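Nothing in this text is a laboratory measurement; each read-out follows from the coordinates by a stated rule. What you see is a predicted model, and the numbers here were worked out from it, not measured in a lab. Here the Cβ positions follow ideal geometry from the backbone for every residue, glycine too, while neighbour counts run over all protein chains shown.
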Amino acid sequence: MPRLVFEKTGDSIWISHLDLMRVFQRAFRRAGLLLKHSQGFNPRAIVSIALPLSVGVESSCELLDFELEQPEPVTPERLNAVLPQGIRVLDVLENGRKLKELTHLRARVTLTYDHGVPEHAAECIRTLFRRESLVLEKRSKKGVSQVDILPMIAKLEVLQADDDTIVLDAAVCAQNPSLNPQQLAAAVECYLPELTPDTVTIRREEVLDTEGRIFR
Amino acid sequence: MNEQLRRILPLVQKPARYVGGEYGQVIKKKEDVRLRVAFCFPDTYEIGMSNIGMRILYGIMNEMDGVWCERVFAPWGDMEAQMRQAQLPLYALESQDPIRDFDLVAFTIGYEMSYTNILNMLDLAGIPLYARERSGLHGIVFAGGVCAVNPEPLADFIDFFSIGEGEEMTPEILRLYERAKAEDWTKERFLRAVAQIEGVYVPSLYEHRYGEDGTLAEIIPLDGAPEKVTKRIIKDLDQAYYPAKTMVPSTEIVHDRTNLEVFRGCIRGCRFCQAGFCYRPVRPRNADTLYRQAVEALEYSGNHEINLSSLSTSDYKQLEPLADRLMDYCEANKINLSLPSLRADNFSRELMLKVQRLRKSSLTFAPEAGTQRLRDAINKNVTEEEILTTCANAFSGGWNSVKLYFMLGLPTETDEDVLGIADLVWKIIQTWKECAVNRKRGLSINLATAFFVPKPFTPFQWEAQITPAEYMRRVRLLQGALHSKSVDYRYHGSDLSYLEAVLARGDRRLGDVLAYAVRHGARLDGWDEYFDNDIWMEAFAACGVDPAFYAQRTYQKDEVLPWQTIDVGVRPSFLWRERELAYASQTTPDCRTHCSGCGANQLEGGVICDA
């Protein structure tokens, strides 16, 4: 199935996953491309976006699978001319790899401190993630459970970017189980409350396979 | 993005509605802009973006050289709380600039219960509520929309109103403002000048004097303001602007589809319906124009649904040929065509089957009253036989759900009329039992009753509304007479409709009540989550205003009505005659059958009413 690689930046980060599917369904029509529709009483254009992104998170590596009624070559330019601000197609692949081979994602979590990064903060955070286990509460439909997030972190670098920001550059599990990069900030807030940042911004940077290669 | 905004967005529901950036929004270079307009819709993004009038005027203003019109909506309660806490003033979506920096602030008002949103939005913007507290040309506030036909409850807050259709009037107003700004006029000079534009009403140029009994004694125009302000209309809709290239929301809105306005006005003359009288005369668009606009709008937006809108779409003369052509296009492109407002009396089986080819829409009737006598009194010219025949057709065609809309508290209504609703529902159930093709799927009847609100410029504008307690008694009477499990009965709240009646027929003395209510937390009154009747009752008490005086009093024939400076084209004598016919339970034929001489064809120096 053909696959788009697109980025979601600026104000478009506030568009929810469901709304984003509608945005693309319309954008394809605007580009004069009729998507294949589901059968049945209420036919729907088939698009599928891998790994739903949380509202408010930026990304430069989103994947959308689609199928056209009449297959024809699609260029990024054709869709970019009709997409809303902040959503930009980077690449179109004729055939994407199987999604189950997508295992990890790289994310950049930026912690901002309005009054400057507290002393030794980077060191404290590094130490925190070197513990034997790091248990956080996870809320799901089934209720609250305790989850150790450390096994789901494949790589983590903590750097102080400037006087006000600390960056967590991480590779985390993307599927079965998955770790929302938001949890990295949550761990800091839970275990090091004195290092609770004023704002947290997250950017999904790349999706990877088990070998750590870029997944497309 | 504004850093303050970025920080609060993660804390609110559906943040996408607060940032703009949609496909089709208009962005202009600030150095090319001489006049900035904040176009405010006093309800949520989801409601406002569904409004075709707003899209029309947004397009028209932005087509003007040097003018940049941006959108503003009422934030939901969670967002408002965050904005107030962060001291983030109300901003326009396109530029995210605070609207207090704009030249003009415009509101479109379609519903009385959004009046508090107007005031709350001004407050959130940091703009003084009362017009008299705002001096100078900067930040003049004006308003239009159907509620502007009785502008008086808002007279204290809005500098001027534009009455009627805004396509031509709005650019005239903006050009005058541009000149005033260039020549550095005072606000007073501008208001006197704008009052000379046909269709513009400047409330501060009219003195309202009250008599000892509390009713209006006299309305005195000042400074050369016209005695009557006549609503503006567009004579030829085929030449009128249609927003084919209009914004496509990135988040779901209420009516998420292309809207094709097939005609303006209504041939029907239902006596309770404000729109039916205020939007006269009937002016259709040609089917060829509509087809072209439909295709253009669908291709531009990528919408997969299109709606033919008007007050009564099945009365559109060229409906069949238009629907046929559109259906072919829609089928080929997998687009859903919906035809709402279909009336029982001319909803043909043929048309129904055509629509069904694409998607089964629901079957909706608004008989409004339960007995023929009362339907005749309100001039809702639909008979029980027509409703049952249409239902029989629909049930045998596979439909199994019906929506029914009625009103309680209509003038002359008795318990027999209320019980007549239950009787009609029972007959529909019997019809279904006889005609249903698949009885296993069951029947679902959604029955809703609204509380009648007398509105200005209708034959019922003089009528008293029944009390909320009496309305609730009738609701329970009806409830007790419904026995089938197939019926889901819902009714409008009594308190809200009571307030709606107060505001609809109100005068200037309600201004302080509105300001009090807003300062004590009233907003989003149209939403159950926020409506708080206690605030309103406290506001009436604090301001010494009796709400019953406006809602539950019969206005006299010779009484000076607060809204009588406005002329919507339909003569008051016509309305009074219609009122008398209502009391005699006599119908008036629709305008296509016979012109009853309402007067609306005299607008704009004479216009063809193509009923």
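Given DSSP loops and a limit of at most 10 other Cβ atoms within 10 Å, what is the longest stretch of chain B that contains no such trypsin sites (Lys or Arg not before Pro)? Don't skip to the end; give the middle numbers.
Numbers: sites that count: B:29, B:228, B:485, B:557.
Here the longest run is B:229-484.
With everything on Cα atoms, drop me the angle between helix B:77-86 and the longest principal axis of chain B, reported from 0 to 90° to the nearest 10.
10
Projecting each Cα onto the charge dipole of chain B (Lys/Arg +1, Asp/Glu -1 at the beta carbon, about the Cα centre), which of B:265, B:219, B:575 comes out farthest on the positive side?
The one lying farthest along the dipole's positive direction is B:265.
Quick one: which residues, 5 or more positions from residue B:465 or on another chain, have an amide H under 5 Å from its amide H? H modelled 1.01 Å from N in the peptide plane, none for Pro or chain starts.
Hits under the 5 Å cutoff: B:552, B:553.
Enumerate the calculated ³J(HN,Hα) couplings along the stretch B:541-558 in order (Karplus 6.51 cos²θ - 1.76 cosθ + 1.60, θ = phi - 60°), each rounded to whole Hz, writing x wherever the residue is Gly or Pro.
5, 5, 9, x, 10, 9, x, 4, 4, 8, 8, 9, 9, 7, 6, 7, 4, 9
Any idea what angle helix B:494-504 forms with the longest principal axis of chain B, computed on alpha-carbon atoms, 0 to 90 degrees, nearest 10?
50
How big is the charge dipole of the stretch A:3-96 about its Cα centre, in debye rounded to the nearest 20, if each Lys and Arg gets +1 on its Cβ and each Asp and Glu gets -1 on its Cβ? Provide the component values of the computation, followed by the final result.
Numbers: 10 positive and 12 negative charges, 69 e Å.
For the stretch A:3-96, the charge dipole is close to 340 debye.
Mind scanning B:380/B:403; B:403/B:433; A:98/A:141 and naming the pairs with a C-alpha gap bigger than 19 Å? If you can, show how the numbers build up before the last one.
On the way: B:380/B:403 17 Å; B:403/B:433 17 Å; A:98/A:141 28 Å.
Pairs exceeding the cut-off: A:98/A:141.
Go ahead and estimate [θ] at 222 nm for chain A from helices alone: -39,500 (n - 2.57) per DSSP H run with n ≥ 4, summed, over the residue count, rounded to 500.
Numbers: 4 runs with 37 residues, N = 216.
Helix-only estimate at 222 nm: -5000 deg cm²/dmol.
Under DSSP H, which helices of chain A have Cα atoms covering 30 Å or more of the helix axis and a Kyte-Doolittle average no less than 0.0? Let's see the in-between values first.
On the way: long enough: none.
Span-like helices, by this rule, are absent here.
Could you let me know the centre-to-centre spacing of the stretch B:22-52 and the stretch B:86-139, using Cα atoms, in angstrom?
So the two Cα centres are separated by 14 Å.
Quick one: of B:181/B:231; A:142/B:14; A:8/B:245; B:440/B:485, which pairs are farther than 21 Å apart, Cα to Cα? Mind showing how you got there, number by number?
Numbers: B:181/B:231 26 Å; A:142/B:14 24 Å; A:8/B:245 24 Å; B:440/B:485 14 Å.
Beyond 21 Å: B:181/B:231; A:142/B:14; A:8/B:245.
Please give the net charge around residue A:164, taking every other residue with its beta carbon less than 11 angstrom from that of residue A:164, where Lys and Arg add +1 and Asp and Glu add -1. Display every interim value, and only then the final one.
Values: positive: none; negative: A:114, A:162, A:163, A:198.
Within the 11 Å Cβ shell, the charges total -4.
Once the Cβ-Cβ distance between residue B:434 and residue B:527 is put in as r, and R0 is 35 Å, what FRET efficiency do you end up with, to the nearest 0.05? Kindly include the intermediate steps, with their values, before the conclusion.
Details: r = 41 Å, r/R0 = 1.18.
My answer for the efficiency is 0.25.
Rounded, prolate or oblate for chain A? Axes are the square roots of the Cα gyration tensor eigenvalues, ordered a ≥ b ≥ c, and the cut-off for rounded is a/c under 1.5.
Working: a/c = 2.29, a/b = 1.93, b/c = 1.18.
Note, shape of chain A comes out prolate.
Obtain the nm distance between the two label points defined at residue B:27 and residue B:401 by a simple spin-label model: each point lies 7 Å from its Cα along the Cα-to-C-beta direction.
4.1
If contacts are Cα pairs under 8 angstrom and at least 6 residues apart, what is the relative contact order of the stretch A:3-96 in percent?
Numbers: 161 pairs, mean separation 45.3, N = 94.
Dividing the mean separation by the residue count of the stretch A:3-96 yields 48 percent.
So, counting K/R as plus one and D/E as minus one, what does the shell of residues with Cβ under 12 Å around residue B:175 add up to? The partial results should precede the final answer.
Working: positive: B:34, B:179, B:181; negative: B:65, B:168, B:172, B:178.
After counting each charged neighbour, the total is -1.
Hey, what did chain A get for relative contact order, percent, Cα under 8 Å, at least 6 apart? Write out the running numbers ahead of the final one.
Values: 413 pairs, mean separation 55.4, N = 216.
Relative contact order here is 26 percent.
Would you work out the relative contact order for chain B, in percent, from Cα pairs under 8 angstrom that are 6 or more residues apart? Intermediate values should be presented prior to the final figure.
On the way: 1126 pairs, mean separation 88.0, N = 611.
Over chain B, the number comes to 14 percent.
How about the stretch A:85-192: which GluC sites (Glu not before Pro) there lie in a loop by DSSP and see at most 10 other Cβ atoms within 10 Å?
On the way: sites: A:94, A:101, A:119, A:123, A:132, A:137, A:157, A:189; in loops: A:94, A:119, A:132.
Passing both the DSSP loop test and the Cβ count: A:94, A:119, A:132.
Which of the chymotrypsin sites (Phe, Trp or Tyr not before Pro) found in the stretch B:217-275 are loop residues per DSSP with 16 or fewer other Cβ atoms within 10 Å of their Cβ?
On the way: sites: B:241, B:263, B:272; in loops: B:241, B:272.
For chymotrypsin sites (Phe, Trp or Tyr not before Pro) across the stretch B:217-275 that sit outside H, G, I, E and B with at most 16 neighbouring Cβ atoms in 10 Å, the list reads B:241.
Suppose every K and R has +1 on its Cβ and every D and E has -1 on its Cβ; what is the size of the dipole of chain B about the Cα centre, in Debye to the nearest 20?
Numbers: 70 positive and 85 negative charges, 296 e Å.
Using Cβ point charges on Lys, Arg, Asp and Glu, chain B gives about 1420 debye.
Residue-wise, which Karplus ³J(HN,Hα) couplings in Hz belong to the stretch B:59-69, taking 6.51 cos²θ - 1.76 cosθ + 1.60, θ = phi - 60°, and x for glycine or proline?
Per-residue couplings from phi come out as x, 5, 5, 6, 6, 6, 5, x, 10, 10, 9 Hz.
Between the stretch A:139-216 and the stretch B:372-400, what is the separation of their alpha carbon centroids in Å?
Taking the Cα centre of each part, the stretch A:139-216 and the stretch B:372-400 sit 62 Å apart.
So which trypsin sites (Lys or Arg not before Pro) in the stretch A:132-212 end up in coil per DSSP with only 14 or fewer other C-beta atoms within 10 Å? Display every interim value, and only then the final one.
Numbers: sites: A:138, A:139, A:141, A:142, A:155, A:203, A:204; in loops: A:141, A:142.
Sites meeting the loop and neighbour criteria: A:141, A:142.
Need one number: nm distance between label points at residue B:252 and residue B:537, each 7 Å from Cα along Cα→Cβ, rounded to one decimal.
3.7
Leaving out same-chain residues fewer than 8 places away, which lysines sit with a Cα under 25 Å from that of residue B:228?
Once the sequence-local lysines are set aside, what remains near residue B:228 is B:187, B:455, B:557.
Across the stretch A:82-95, in residue order, what do the Karplus-derived ³J(HN,Hα) couplings come to in whole Hz, using 6.51 cos²θ - 1.76 cosθ + 1.60 with θ = phi - 60° and x for Gly and Pro?
Using θ = phi - 60°, the values come out as 10, 9, x, 3, x, 9, 9, 7, 9, 7, 10, 10, 5, 8 Hz.
Could you give the distance between the Cα centres of the stretch A:1-72 and the stretch B:513-533, to the whole Å?
40
Using a 7 Å offset from the Cα along the Cα-to-Cβ direction at both residue A:182 and residue A:44, what is the distance between the two label points in nm, to one decimal?
2.2
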